[in-house]
Every structure is written in C-alpha cells, then in structure tokens.
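Here the structure is laid out as structure tokens; the discussion comes afterwards.
The values are calculated or read from the model by the stated rules, or taken from the named source; none is laboratory data. Quantities reported herein were computed from a predicted structural model and do not represent experimental measurements. When we count neighbours, we look across all protein chains shown, and the Cβ atoms used for this are built from the backbone with ideal geometry, even at glycine.
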Amino acid sequence: MNPGTLAVLAVLVIIVGLIIYKMIKDKKSGKSSCSCGGSCSGCGMAGSCHSPAKSGSNTDAALNSGLEITGSGTAPIQIEDRNVIKKITIEIDGMMCGMCESHINDAIRSNLSVKKLKTSHITGLSEFLTNDVVSDERLKDIITKTGYRVLGIKREYIG
C-alpha cells in the first residue's frame, strides 16, 4: 500500500474508534441509545411511534385506576423492605416498535436499580426485578415522562 492509502485508512480507524468511544460513554452516562435522544423530535418514527401522554382526561383516569398489587408466600411482606426482591410488571400503552421499547428501558434503568429488564411492544409489558422501594406513582411518573401511558402495575414478591 502507498502512504496516501495508509493515511486515509488511519483517519478512518480513528474516526470509527471515536464514534464507538462516544457511544460507550453515552450509554454509561445513561443517555438514550437512540438517535432521537428520547424526545423523538429527530426520530424517523416521530409522530407514529407514540404520542405524548395526555393527563387529566377521563379515559386516563379510568385506565390508571385499575392498578393491581399481588404477593406470594405465606408471611406478610413489607413493601418498603430493600431485602425483598420484587418482580414488577408494568402494562404500557403506546409502544409501537423496538425504539419504543428502548425508550422505556432507558427510562427505567436511569431511575431504578434493576435486573433482568425486559420490555415488549408486542405484549405492551415491561418486566423487571428490583430491590428498590418504588411507589406506583413514581413508576407511572417514569413511564409518563417518556410519552407513554401506564395501564396497570403488578408486583410479585420473590423473597
């Protein structure tokens, strides 16, 4: 190879390396993994992916009133106990694609300490394990800020 080709190749390797470095740095700092930055204004799916949540409507009040809390085991469990592993399932309205799943996952990870986070736009569910003490209101707030609507929350206590 001639020196000109080597110089161009070196520049390309440096550029790709910097891009990868920035992506890793952004991911570690909790920034969104998509190009829209979480606001969807620059996203290719803007407007069709999900619409901003509307609060205060009668429909929203009816949908958000059916929150369910369940437990397993024989002894009563303290919800505030950080030693108890909780499996939380959130039913979410408005997810249409994998990017929507990513928005939800980024929001949950940046606000809670979670394990085994799984979100599906097909089922409309987000499930995760956590030791955090988190209220229904906080969960609804985390999801609502992303532009989606919480339809229900189910808790299972693992131990």
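Laid out as a table, the results:
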| item | result |
| --- | --- |
| Test: residue in the range 126-134 that is under 12 Å from the mean Cα position of the chain (by Cα) and under 10 Å from Glu91 (Cα atoms) | yes |
| Boolean, Lys116 is loosely packed, with under 15 Cβ neighbours inside 10 Å and outside any helix (DSSP H, G or I) | yes |
| Test set (1) farther than 15 Å from Lys154 by Cα; (2) touching a residue at least 24 places away in the same chain (Cβ under 8 Å) - Thr119 fails condition number | (1) |
| Within the range 137-159, tally of residues that are within 14 Å of Lys86 (Cα to Cα) and either of a type in the set (S, T, N, Q) or surrounded by fewer than 17 Cβ atoms within 10 Å (Cβ to Cβ) (or both) | 4 |
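Let's see how each residue does on (1) modelled with pLDDT of 50 or more; (2) surrounded by fewer than 13 Cβ atoms within 10 Å (Cβ to Cβ); (3) in a loop (DSSP other than H, G, I, E, B):
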position	(1), (2), (3)
Ser55	no, yes, yes
Asp60	no, no, no
Leu63	no, no, no
Gly66	no, yes, yes
Thr74	no, yes, yes
Glu80	yes, yes, yes
Met95	yes, no, yes
